[in-house]
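Participant: Sharing a structure, written as structure tokens. Questions coming.
The values are calculated or read from the model by the stated rules, or taken from the named source; none is laboratory data. Just so we're clear, the structure is a prediction, and the values are computed from it rather than from any experiment. Note: ideal-geometry Cβ built from the backbone for every residue, glycine included; neighbour counts use all protein chains shown. Each accessible area value is taken on the protein alone, full model and side chains, heavy atoms only, with ligands, DNA and RNA left out. Shrake-Rupley method; radii C 1.70, N 1.55, O 1.52, S 1.80 Å.
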Amino acid sequence: MNEIVNEYIESMIPDRTDLFHEMERFAEANNVPIMELAGIEALLQILRIQKPKRILEIGTAIGYSALRMAHALPEASIVTIERDPERFQTAKEYIARIGYSDRVIVLEGDALDLASCTNTMGPFDAIFIDAAKGQYTKFFEMYSEQLADAGCVYTDNVLFKGLVAEKEIENKRIRNLVAKIKRYNEWLMTNPDYLTSIMPVGDGLAVSIRRGEENEKA
Ligand SMILES: C[S@@+](CC[C@H](N)C(=O)[O-])C[C@H]1O[C@@H](n2cnc3c(N)ncnc32)[C@H](O)[C@@H]1O
């Protein structure tokens, strides 16, 4: 996203509650990656249109996106997974403080091990993938089995600061990560079972729906 355009969009985003501001400051001060402002706003708007009742999130961090979703969608319940014990604890505290413990359930552990646990909590109308970028394909394959027929899978960071479009990347670690994201994007865009669109907002948001009789065939 062009930085000036992004700043312009962010400057017009309506104000948020004090607790969300506090979480944004906490994330920045403690180097916790949370969704970019324009990205979460776009996701929330699509979710308001979709009106999911059950949402599964992979990658809670401190619970910022989960609580933004719960706040924007009062009818929805959210199951979210975090493997980092400290972030899991912080998320639980924020969830309790905002008073959403009945609607937002955080599971502690590696999402690669917890599919049997969430299986009984679904099917999910929306699945939001926002965890280790190298595992996106695995997350999608494992958890899309728990997606409701008319559900959507949302994936964040698919443009990874625009680096997916760069020809050369010097830093080896970043280059390998970008290669993984590009492989995921290609796999997703050519997936015969899903129709996907990549939105150039925030860090890049992919929106995938099942190809069905009404949706275009591959
Ligand atoms: C980008 S942050 C999530 C941000 C959050 N969705 C938000 O916008 O507020 C990614 C989180 O996923 C967690 N994570 C990474 N891989 C994971 C895995 N395999 N299972 C569970 N959590 C994972 C990381 O510890 C990190 O806190």
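Participant: I need the full set of residues from region 41-68 which are hydrophobic (A, V, I, L, M, F, W, C), closer than 20 Å to Phe140 by Cα and in contact with a Phe, Trp or Tyr (Cβ under 9 Å, 6 or more places away or on another chain), in order please.
Facilitator: Leu43, Ile46, Leu47, Ile55, Leu56, Ile58, Ala66
Participant: Return a yes/no flag: does region 55-69 have any residue that is within 18 Å of the chain's Cα centre (by Cα), part of a helix (DSSP H, G or I), of a type outside the set (S, T, N, Q) and more than 10 Å from the ligand (Cβ to nearest atom).
Facilitator: Checked region 55-69: no residue is within 18 Å of the chain's Cα centre (by Cα), part of a helix (DSSP H, G or I), of a type outside the set (S, T, N, Q) and more than 10 Å from the ligand (Cβ to nearest atom).
Participant: Check whether at least one residue in region 145-153 is at negative phi, within 12 Å of the ligand (Cβ to nearest atom), in contact with a strand residue (DSSP E or B) (Cβ under 9 Å, 6 or more places away or on another chain) and open to solvent by less than 20 Å² (accessible area, probe 1.4 Å), and report yes or no.
Facilitator: Narrowing region 145-153 to residues at negative phi: 145-153.
With within 12 Å of the ligand (Cβ to nearest atom) added as a condition, the list becomes none.
Checked region 145-153: no residue is at negative phi, within 12 Å of the ligand (Cβ to nearest atom), in contact with a strand residue (DSSP E or B) (Cβ under 9 Å, 6 or more places away or on another chain) and open to solvent by less than 20 Å² (accessible area, probe 1.4 Å).
Participant: Being under 20 Å from Gln135 (Cβ atoms) and more than 9 Å from the ligand (Cβ to nearest atom) is the filter here; which residues of region 70-100 pass it?
Facilitator: Hits for region 70-100 are Val79, Pro85.
Participant: While we're on this one: Being more than 14 Å from the ligand (Cβ to nearest atom), crowded, with 16+ Cβ neighbours inside 10 Å and closer than 20 Å to Ile62 by Cβ is the requirement here; does Arg103 meet it?
Facilitator: Yes.
Participant: Sort out which residues of region 1-41 are over 21 Å from Tyr94 (Cβ atoms), part of a helix (DSSP H, G or I), open to solvent by 30 Å² or more (accessible area, probe 1.4 Å) and hydrophobic (A, V, I, L, M, F, W, C), and write them in order of number.
Facilitator: The answer is Ile4, Val5, Ile9, Met12.
Participant: Hey, another quick one. Which ones in region 183-210 are among the hydrophobic types (A, V, I, L, M, F, W, C), open to solvent by 50 Å² or more (accessible area, probe 1.4 Å) and part of a strand (DSSP E or B)?
Facilitator: Result: Ile198, Met199, Ile209.
Participant: Return yes when Lys138 is near the ligand (Cβ under 9 Å from one of its atoms), modelled with pLDDT under 95 and either within 16 Å of the chain's Cα centre (by Cα) or within 18 Å of Leu19 (Cβ to Cβ) (or both) and no when it is not.
Facilitator: It is false that Lys138 is near the ligand (Cβ under 9 Å from one of its atoms), modelled with pLDDT under 95 and either within 16 Å of the chain's Cα centre (by Cα) or within 18 Å of Leu19 (Cβ to Cβ) (or both).
Participant: So, Lys167, is that one assigned to a helix (DSSP H, G or I), farther than 20 Å from Gly212 by Cα and among the charged types (D, E, K, R) or not?
Facilitator: no
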